[in-house]
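Let me begin by presenting the structure, written as structure tokens, before commenting on it.
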Amino acid sequence: MDDDLKIRLAAFDWLSKQASIFDEVLPRDVLQSGFIYAGKRIAVISPQGIFKPKEMQFPLSITTSPESPYEDSYEEGLLVYRYRGTDPEHRDNAGLREVYRRKLPIIYFKGIVPGKYMAIWPVFIIGDHPEDLSFRMVVDDIAEFHKVKELSSAISDTDIGRRTYITATVKVRVHQRGFREKVLDAYQSQCSLCRIRHRELLDAAQIIPDEHPEGEPKITNGIALCKIHHAAFDNMFIGINPDYKIMVRKDILEEEDGPMLLHVLKEFHDKSIILPPKIIHWPNKDCLNWKYKQFAEQK
């Protein structure tokens with residue numbers, strides 16, 4: 001096994017540990033600091049979208065930042081990554097083309113909010129499209145990859161169906177985590193009812209759900225709630241009307257069940273939620289109205 005592949009595999013192992021520590025959302029400074037290999041510190045990300053550490057022969061990672069001018073997307077189950085610039089022979093594009101030719105695994109860092117990324121690996125380039133200045137890629141399962149890594153740096157292209165399915169599930173996971181991070185940042189990492197600030201206990205509650213045609217993953221279709229109040233909101237124990245007032249269901253208000261029910265739910269009745277500092281992030285009134293109509297039917 002050559003040094004390039006050894007470093008690549010060491011990066012995968014290191015990322016696995018970091019993803020566990022940071023619950024999949026990795027700070028940029030951690031990625032820039034990187035890991036130690038053979039006495040040298042190796043970063044896994046850089047300001048350039050296509051990154052090759054000086055210790056390696058070929059690019060290790062690709063990055064899309066939240067502010068990126070490149071419109072990466074999913075197309076027919078594949079991840080589309082745009083070239084750097086418009087010159088197909090730019091050295092970064094040529095480097096990725098060599099990764100494609102050699103069937104080497106890389107890391108994809110997807111920026112979800114400024115300074116925070118989700119790491120996706122192993123990713124394989126399966127197509128080079130100079131006509132639209134892009135590469136097509138798929139995600140593989142790390143467990144499947146480890147089964148064959150000792151045999152060759154290449155993995156057979158016969159299982160595209162499995163990989164496209166994995167890529168689709170990764171897309172959903174990135175979407176969910178991105179929505180959560182954006183909503184929690186907008187609400188300054190606090191529950192809009194009880195103000196609890198421990199991020200581990202917070203969720204981004206989607207007002208109109210994904211399966212509905214209008215259930216878009218926008219900040220204005222979300223509210224930061226602690227896990228208890230998220231469950232209460234989803235299960236119609238509480239409603240939030242278009243005037244941002246919290247309404248507790250009538251039977252819950254009439255129920256006598258000790259201090260927990262009183263302080264966790266009943267005392268918030270007819271009070272206003274805590275809104276984000278920026279008006280552009282406030283919950284959309286039409287979304288709230290859609291949800292509140294369902295709540296009102298439960299009373």
Filter segment 107-122 for residues that are surrounded by 14 or more Cβ atoms within 10 Å (Cβ to Cβ) and free of Cβ contacts under 8 Å to residues at least 60 places away in the same chain and give the result. Tyr108, Gly111, Ile120
Mind listing whichever residues of segment 201-214 are part of a loop (DSSP other than H, G, I, E, B) and of a type in the set (D, E, K, R)? Asp210, Glu211, Glu214
Pairs needed: first member in segment 75-101, in the same structural domain as Arg163 (by TED's automatic domain parsing); second member anywhere, hydrophobic (A, V, I, L, M, F, W, C) and assigned to a helix (DSSP H, G or I); C-beta distance under 7 Å; at least 6 residues apart or different chains. Gly77/Ala168
In segment 56-69, the residues that are in a loop (DSSP other than H, G, I, E, B) and modelled with pLDDT under 95: Ser65, Pro66, Glu67, Ser68, Pro69
Positions within segment 206-230 being surrounded by 20 or more Cβ atoms within 10 Å (Cβ to Cβ) and within 14 Å of His281 (Cα to Cα), in sequence order: Gln206, Ile207, Ile219, Asn221, Gly222, Ile223, Ala224
From the list Leu26, Leu15, Leu96, which one is among the hydrophobic types (A, V, I, L, M, F, W, C), closer than 27 Å to Gly178 by Cα and in a strand (DSSP E or B)? Leu26
Could you tell me whether segment 180-200 includes any residue that is without any contact (Cβ under 8 Å) to a residue 40 or more places away in the chain, in a strand (DSSP E or B) and either over 16 Å from the mean Cα position of the chain (by Cα) or under 17 Å from Val113 (Cβ atoms) (or both)? no
If a residue has to be exposed (fewer than 10 other Cβ atoms within 10 Å of the Cβ) and not in a helix (DSSP H, G or I) to count, how many in segment 244-269 make the cut? 1
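The values are calculated or read from the model by the stated rules, or taken from the named source; none is laboratory data. Fair warning: this is a prediction, and the values are worked out from it, not measured in the lab. Note that each Cβ is placed from the backbone with ideal geometry, even for glycine, and that neighbours are counted across all protein chains shown.
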